[in-house]
Amino acid sequence: MFVDSHCHLNRLKKAPTREQVALLLDAARARGVNHFLCVNVCHSEFDSMAQMMRGLDGVSISAGVHPLDIEDGVDIELLRRQASDDWVVAIGETGLDYYYSKDSIALQQQSFEAQLQLACELNKPVIVHTRDAREDTIAILKNGQVERCGGVLHCFTENWPMAKQALDMGMYVSISGIASFKNATELQQVAKKIPLDRLLIETDSPYLAPVPHRGKENQPAFVADLAQFLADLRGERLEVLAQQTTDNYFNLFRGANR
Ligand SMILES: [Zn+2]
Ligand SMILES: [Zn+2]
């Protein structure tokens, strides 16, 4: 069994309705993908996303504000209310993205720190998006004592020293389909080194479809292709990688029901 530890089901082009999401989840189950974490990126989408996902089998959700969606900042009181529901199993995605936006660095940092603090307060793990902001990301995670709530660096594309620092703080590292791209040789070396008991897999769908689906819209079913790619890369049996990444998911996202 596989888990898609990070997807945006409400943003799939083919899935604007609950019925269509249900069909995509059926397609995923047909490939052994049975759990899904649908990740929130902004305040304004939370209610409609939660409404669309509620009651769907194997789906958990998060509440958070993405570094590229902060606009006027994060409303922590609103987030606290949204995240208080049991089936909201994580805070995020939050984090830092200096690649796409250098103008909002101060606001991104503020938002990240506040969401990390809330995660610790609510005792829910934090989902961290990080791009071109290695030192600042690690500094905020350290200062905020991420080990109190736990967390994951999702869709990891940075280098081994950064992964190592996160692992040393007890975090998980999640690999997306980017690792299967032909030119991703450096990331493949990193993906090889992540201890199996700290590895998560994700599609980040609808973005970033893995090989052999590049160019198509990504969907949770494709996490099975990524798992096969990683098993080959790491020289592990697919069943072992599937079982351990599933256990890791439930260890980290302790509010999710098996
Ligand atoms: Zn992200
Ligand atoms: Zn995402």
Checklist outcome for this item: Here the residues within the stretch 1-18 that are charged (D, E, K, R) and within 15 Å of ligand 2 (Cβ to nearest atom) are ASP4, ARG11
Next on the checklist: Residue under question is GLY151, and the condition is that it be within 16 Å of ligand 1 (Cβ to nearest atom), closer than 21 Å to GLN108 by Cα, within 18 Å of the chain's Cα centre (by Cα) and small (Gly, Ala, Ser); does it hold?
Outcome noted: yes
Item to check | Flag for PHE46 being over 17 Å from VAL3 (Cβ atoms), in contact with a helix residue (DSSP H, G or I) (Cβ under 9 Å, 6 or more places away or on another chain) and buried (at least 22 other Cβ atoms within 10 Å of the Cβ) | outcome: yes
Next on the checklist: Of everything in the stretch 1-58, what is in contact with a strand residue (DSSP E or B) (Cβ under 8 Å, 6 or more places away or on another chain) and over 30 Å from GLU239 (Cβ atoms)? Give them in sequence order.
Outcome noted: ASN10, ASN40, VAL41, PHE46, MET49, ALA50
Next on the checklist: Looking for something surrounded by fewer than 14 Cβ atoms within 10 Å (Cβ to Cβ), modelled with pLDDT of 95 or more, assigned to a helix (DSSP H, G or I) and β-branched (Val, Ile, Thr) - is there at least one such residue anywhere in the stretch 137-158?
Outcome noted: no
Checklist entry - Which fully enclosed strands (runs of 3 or more DSSP E) of the stretch 56-135 have 1 or more residues being acidic (Asp, Glu) and within 30 Å of LEU24 (Cβ to Cβ)? => result 88-97
Checklist outcome for this item: How many residues of the stretch 152-168 are away from ligand 2 (no atom under 16 Å from the Cβ) and touching an Asp or Glu at 6+ places or on another chain (Cβ under 8 Å)? The answer is 1
Checklist entry - Out of the stretch 30-55, which residues are part of a loop (DSSP other than H, G, I, E, B) and either out of contact with any His (no Cβ under 7 Å at 6 or more places or on another chain) or not hydrophobic (A, V, I, L, M, F, W, C) (or both)? => result ALA30, ARG31, GLY32, ASN40, ARG54, GLY55
Checklist entry - Out of (1) touching a residue at least 40 places away in the same chain (Cβ under 8 Å); (2) away from ligand 2 (no atom under 16 Å from the Cβ); (3) surrounded by 20 or more Cβ atoms within 10 Å (Cβ to Cβ); (4) small (Gly, Ala, Ser), what's the single condition that is false for SER62? => result (2)
Item to check | Where a residue in the stretch 229-258 is on the phi > 0 side of the Ramachandran plot and its partner, wherever it lies, is part of a helix (DSSP H, G or I), with Cβ under 9 Å and at least six apart | outcome: GLY235/LYS192
Checklist entry - How many residues are more than 16 Å from the chain's Cα centre (by Cα) and under 17 Å from LEU167 (Cβ atoms) when one looks only at the stretch 195-229? => result 3
Item to check | Members of the stretch 77-99 found to be modelled with pLDDT under 95 and within 14 Å of the chain's Cα centre (by Cα), listed by number | outcome: none
Next on the checklist: Would you confirm whether or not the stretch 176-198 contains a residue that is surrounded by 14 or more Cβ atoms within 10 Å (Cβ to Cβ) and in a strand (DSSP E or B)?
Outcome noted: no
Checklist entry - Considering only the stretch 3-29, how many residues are in contact (Cβ under 8 Å) with a residue 40 or more places away in the chain and either loosely packed, with under 14 Cβ neighbours inside 10 Å or in a helix (DSSP H, G or I) (or both)? => result 9
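The values are calculated or read from the model by the stated rules, or taken from the named source; none is laboratory data. If you're wondering where the values come from, they're calculated on a predicted model, not measured in any experiment. Note that each Cβ is placed from the backbone with ideal geometry, even for glycine, and that neighbours are counted across all protein chains shown.
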